[in-house]
Amino acid sequence: MSDPRVFSAWSAATESRVTLEQLLSVVGSGALELETAPGGLAEAVTGVAVLDVLDPGVRPRELLLAVGVDAGSAHAVDVLRRAGEAGAAGVVFGPDRSGGAAGTLRAAASETGTPLLFRTPWCSWAQLVGVLRAALAAAGVPPLPTAPDLAPGDLNGLADAVAALVGGAVTVEDTESRVLAYSSTEEDVDDIRRLTILGRRVPPWRVAAMREAGFFAALWGTDDVLHRRAHGDDPERLVCAVRAGGEVLGSLWVAAATGRPLVPDAPEVLRAAARTAAAHLLHHRTRGADGRLVEDAARAVLEGRGSPEVLAERAGLTAQAPCAVLAVAAASATAEGDPSRWHALLGLHCAAFGHRSVVVPAGGRLLVLVGSLDPDPARADGEVERLGASLVARAAAATGTHLCAGLGEVVPGLARAADSRRSAELALSALVYAGGPRAVGRTADVADTVGVMQVVQALRAVPLARGTSVARLAAHDAESGGRLVETLRAYLDHFGDAAAASRALAVHPNSLRYRLRRITQVCGLDLGSPDARLLAQLELRLRESGTGKE
């Protein structure tokens, strides 16, 4: 460890109100790992300070970098407690957690309510200072009007959003002229752009020419948008440096389509886009290859084909400790939002609860593998339930999207994680299928819905008699544009309660009664027959699940 006396105090005070959650979402897991945040992640971070033993004062709402402090020492505990008393935004220690350092510091953090973080091994203290300074500058920048829901690091989505605003083709490049992302609209692109995208970098001869002309010196030395006029087959271009906290992160390029000029306010749009792009470029840079390796290892274990030991080593989990999987998805198929938006939020929130976790995208849902749960099964179940409820509530507050979380069974180690995943996904499917107020639960909590799903699945291969009441009713609706099938479903779902069914359909009770009479007239369904009602409900469920049985 370096001697802390060689480091002077440094602060990056900012007037913007950036929360710890926002800061960590921008920084990504490649630079910092959140161990625990007993008081949550909503507190503001106004700056960063490096611990100085000659001037050990700690200011409120600053993130304290405990450079040179052995995380396993009594000094580390003292630093954490003093930071808590001063109201610091959190304390960051070095990556060495040997000798149970994390557990000791976690207990001290719980006493003081102070967030505890660790620097990753592949990010030096000097790099971390630069990253945090840039992240503080970038975290409070409002998103582009057309792209408020971009996931952290979604550079392709950013390029598409900017392209739609300026009416041209966009590339996002790093400081070495390598292409990190480009817009998907590729009509009438010029040869230079085509070569740049195919080679994933600007052609070397082009870079050399721009460097010789002093173009890069001008670009990195200004916050303004540079304009290159059209010349021959080379269309007009705009370019703007992306920077945060004084650090240059890359550039945004816009090329006009052949024969079509850019929109008049394209320079102003690009300038605003560069400010928004800073957070995404920073997250992309710091996430790095290690995060993807952890995700790949977790996906393999969750699919029952990976090594628990490899995952434990990469993710800092204990292979033999109790663990569980939570399956998280939007509460309905019509809900807006990309699951990647919740990725960082779920991981951060698990860490705030003191749980080490790995979040893995799986189609339209996210799988959250939570490790090192309490050895007592009842307490471990309680931890998973509280975490699931908190994740759903936090996601709704942060993104406005209502989620459901299926809770997997607690299993004795990572080797059984695939079993927990299967039970979590089954519970999630039942929660979404039911569409009721319950948003969190295990398979035991939604056993009746799971049973209905299994019955419907089994009946898919059963040929029903032609001309059933529901089949005739559906045919009538198709011809007349009526809503009799919808009315029957609401009536049966509400156990024949006409008042409740009419409220669900937003119609007057008299209108509902008229429709019920029409149902009897059209298809002859006897609503007084238990067999007829049972068959009708099963067939309605089959139609809802997409089998389309006639």
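The values are calculated or read from the model by the stated rules, or taken from the named source; none is laboratory data. If you're wondering where the values come from, they're calculated on a predicted model, not measured in any experiment. Methodologically, a virtual Cβ is constructed for each residue, glycine included, from the backbone with ideal geometry; neighbour enumeration extends over all protein chains shown. Accessible surface areas use protein heavy atoms only, side chains included; no ligands, DNA or RNA. Shrake-Rupley method; radii C 1.70, N 1.55, O 1.52, S 1.80 Å.
Stretch residue 510-residue 466 to full length: gain in nm at 0.36 nm per residue minus the Cα-Cα span? Computed gain between residue 510 and residue 466 is 12.6 nm.
Based on C-alpha pairs under 8 angstrom that are at least 6 apart in sequence, the chain has a relative contact order of 11 percent.
Sorted by average packing, counted as other Cβ atoms within 10 angstrom per residue and highest first, what order do 471-481, 433-443, 106-116, 226-236 take?
Most protected by this proxy first, the peptides run 106-116, 433-443, 471-481, 226-236.
Taking label positions 7 Å along the Cα-Cβ direction at both residue 531 and residue 271, the computed distance is 7.8 nm, reported to one decimal.
With N residues in the range 115-239, what two-decimal value do you get for its Cα radius of gyration over 2.2 N^0.38 Å? Each step should come with its number before you reach the end.
Working: Rg = 17.2 Å, N = 125, 2.2 N^0.38 = 13.8 Å.
Here the answer is 1.24, to two decimals.
What is the extension gain from residue 59 to residue 122, computed as 0.36 nm multiplied by their sequence separation minus the C-alpha to C-alpha distance, in nm to one decimal?
Values: separation 63, 0.36 × 63 = 22.68 nm, distance 2.79 nm.
Going from the current span to full extension adds 19.9 nm.
Rounded to the nearest 20 debye, the dipole magnitude of the range 433-517 is 160 debye, with +1 charges on Lys and Arg beta carbons, -1 on Asp and Glu beta carbons, and the Cα centre as origin. For the chain, what percent of Cα pairs sit more than 36 Å apart? Counting every Cα pair in the chain, those more than 36 Å apart make up 49 percent.
Place a point 7 Å from the Cα of residue 444 along the Cα-to-Cβ direction; which residues of the range 408-424 have their backbone N under 17 Å from it? Residues 408-412, 420-424 fall inside that zone. One decimal place: the segment residue 320-residue 164 gains 51.1 nm when fully extended, by the rule 0.36 nm per residue minus the C-alpha distance.
Calculated accessible area for the chain comes out at 46 Å² per residue, all protein chains present (probe 1.4 Å; ligands, DNA, RNA ignored).
At 1.4 Å probe size, with the rest of the protein present, what percent of the exposed accessible area of the range 386-447 is carbon and sulfur atoms? Could the numbers behind the result be given before it?
Numbers: 1380 of 2500 Å².
Summing carbon and sulfur atoms, their accessible area is 55 percent of the total for the range 386-447.
Applying 1/(1 + (r/R0)^6) with R0 = 25 Å to the Cβ-Cβ distance of residue 454 and residue 305 gives a FRET efficiency near 0.45.
Once you sort the root eigenvalues of the Cα gyration tensor of the range 439-550 as a ≥ b ≥ c, which label holds: rounded (a/c under 1.5), prolate (a/b larger than b/c) or oblate (the other case)? Walk me through the intermediate numbers first.
Numbers: a/c = 1.98, a/b = 1.24, b/c = 1.60.
Oblate, since a/c reaches 1.5 and b/c is not below a/b.
Compared with the dominant principal axis of the Cα atoms in the chain, helix 125-139 is inclined by about 50°.
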